[in-house]
1. Run lengths n ≥ 4 of DSSP H only: what is the helix-derived mean residue ellipticity at 222 nm for chain B, with -39500 (n - 2.57) per run over all residues, to the nearest 500?
2. Are there DSSP H segments in chain B that both extend 24 Å or more along their axis (alpha-carbon positions) and score a mean Kyte-Doolittle hydropathy of at least 1.0? List them, or say none.
3. Percent relative contact order of chain A, based on C-alpha pairs within less than 8 angstrom and at least six residues apart?
4. Once you've got the Cα coordinates, tell me which of A:LYS304/B:LYS142; A:LYS143/B:LYS235; B:LYS235/B:LYS255; A:LYS313/B:LYS235; A:LYS250/B:LYS255; B:LYS180/B:LYS255 are over 30 Å apart.
5. Run the dipole for the protein assembly as shown about the Cα centre, Lys and Arg Cβ at +1, Asp and Glu Cβ at -1, nothing else charged, and hand back the magnitude in debye, nearest 20.
6. Averaged over B:226-238, how many beta carbons belonging to a partner chain fall within 10 Å of each residue's beta carbon?
7. Please give the average number of partner chain Cβ atoms lying within 10 Å of the Cβ of each residue in B:183-191, rounded to a whole number.
8. Can you pull the mean other chain C-beta count within 10 Å for peptide B:76-84?
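Every read-out reported here was derived from the displayed coordinates using simple, explicitly stated rules and does not represent laboratory data. These numbers were taken from a predicted model, which means no experiment stands behind them. We place every Cβ from the backbone using ideal geometry, glycine too, and count neighbours over all the protein chains shown.
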Amino acid sequence: MPETTKGPWLDFERPIVELEERIRTLEASAAVGGVDVADEVAHLRRKAVRLSDDIFSKLEPWQRVQLARHGRRPTTLDLIERIFTQFVPLHGDRQFRDDPAIVGGLARLEGRPVLVLGHQKGRDTRSNVQRNFGMAHPEGYRKALRLMTLAERFERPIITFIDTPGAYPGLGAEERGQAEAIAHNLRAMAALRVPTVAVVTGEGGSGGALALGVADRIYMLENAVYSVISPEGCAAILWRDAAKAPDAAKAMRLTAADAFRHTLIDGIVGEPVGGAHRDHAAAALAVKAQLLDALAELVALDQKTLRERRLAKYLAMGEWTERR
Amino acid sequence: MSWLNRAARGIQSLAKQKDVPDNLWQKCPGCGEILYRRELERSWYVCGACGFHLPLDAVRYIDLLLDADSWEELYAGVTSVDPLGFRDSRRYPDRLRVARRQTGREDAVITGRGRLDGLPVNLAVLDFAFMGGSLGSAMGEKIARLLLDASSQRRSAIVVSRSGGARMQESLFSLMQMAKTAAVLARLREEGVPFISLCVNPTYGGVTASFAMLGDLNLGEPGAMIGFAGPRVIKQTIGGDLPEGFQSAEFLLEKGQLDQVVERRRLKATLATILRWFCEDRDVSIPGPVRE
């Protein structure tokens, strides 16, 4: 149980949380009264696991969206802290300002120097306002690009964590070239001379997510989602009713399992029972294992092969037919 | 050009002119002047009174930009499928069927080779009439192929964008077309093959956030609305009105996002000047026969 995190529980996970609460109460009373409750606790724990398995084995796409957006879900900084042995945060795009919606810096993964960066959401209202809910402005994407070219110059692999509702749709963002900033990153990431690994850890929201997502290997956490537009946005346009977001979530096939089946990602990182937000350390460990696996393969490739395979990977994306 | 395309153009222009009593006259949205349609045709749909740029049909850009009889369409058969089994109020395959019938095309972009003032170029024109010119797998594939061909044949590439953005019905497949086209543009750039992007009204979303903003030069037509997020979404986000002229080509020019706003009737001459500057004395777009 994560004690450091705040935020409400989702309706569908409340039965599990309540059961766990009962277990804690029982243990506390046993400690005071000296009653042996071991059997009962063991029974309830088994029940909690069964309940959890049951609920999580038949999640609707919309419930995945809710999990991906969970207030307790590990953020990029939560993961960085638990995965890397060193982290030197870096700031600014050198042109306009530092965008707090994107964090990044020099890190070490099991001793290997790497560059890590990602979208950063807040944990409560105040920090979410500061982080703009993980919605970057052009200067955020340009900071990301500056860091990535830095890594390229010093021949360090790049790891990105994706967790954003999307690029920020505001006046300043448009004036400063939101579209150009995203587009520029796509082209630049496609041509990087160092290995790149992207992990969608929460919300993979549209172009704002992809701006950190062109990579040699792309993974998604089990309950992460990835789509071309938010379910609300899709519902507002196609259903003319944002409240139809659960329908849009279903129609867009935005789960990790869908993306993997369509070979648009390279793998799914399993989450701890009950979701990544229930155990940040376990989630981080799973991500770390995947990163080590991917990098072990990628660092063995020479630059030319790496870049050729990356281009081939993207050229293969898409489903179409050709009439003669 | 096939009879099919021409027939389709007829159907489409009829559909567009619903509010005009008889197809001979059209009211300028800029100044309200009533314009004779034959005259509009001759002026590439630029209002003779105020210079307002009315929508020009996708295939007409080929006539506008390329030398007569130099056009060779490529990849015309590449067509969308329904990888997600997508359904909102209608099934995606039904929407595709309607769009194909209305436009006579397989998808929302026309791609091919031709000559611009004698210079061999690869040209793509997005067709807004086909599901809002939205970017799906078929468009991504056609543009990627066209750019790869430009790269291997060393011909300059031009894309005329007019699109509402990504094709939601293909969700993540659609999103990845942004990466796919941008990845090919990275190669073009490394090989010194010019790529010019022209944004016409409107250019938005995933199209702007990929190839449309990745030209060696980015050009816009006068008055064209160009942006990432649509005006309605931005209004909702900021909870207020947008400044006058926000997201117009002139606005983008002022903010440093476009190299030039070019009047439609000067486009071909401007492109020729630019491409000559890029290609002269280099092994790109060497004048000569288009077909090898």
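1. Working: 10 runs with 108 residues, N = 292.
Mean residue ellipticity at 222 nm (helix-derived): -11000 deg cm²/dmol.
2. Values: long enough: B:171-190 (30 Å, 0.55).
The answer is none, since no helix passes both cut-offs.
3. Working: 595 pairs, mean separation 53.5, N = 324.
Contact order relative to length: 17 percent.
4. A:LYS313/B:LYS235; A:LYS250/B:LYS255
5. 800
6. Working: counts 2, 7, 17, 11, 3, 2, 3, 6, 6, 1, 2, 6, 4.
Across B:226-238, the average partner-chain Cβ count within 10 Å equals 5.
7. Working: counts 14, 5, 5, 12, 5, 1, 3, 2, 0.
Going residue by residue through B:183-191 and averaging, the value is 5.
8. Details: counts 2, 5, 5, 4, 4, 4, 1, 6, 7.
That average works out to 4.
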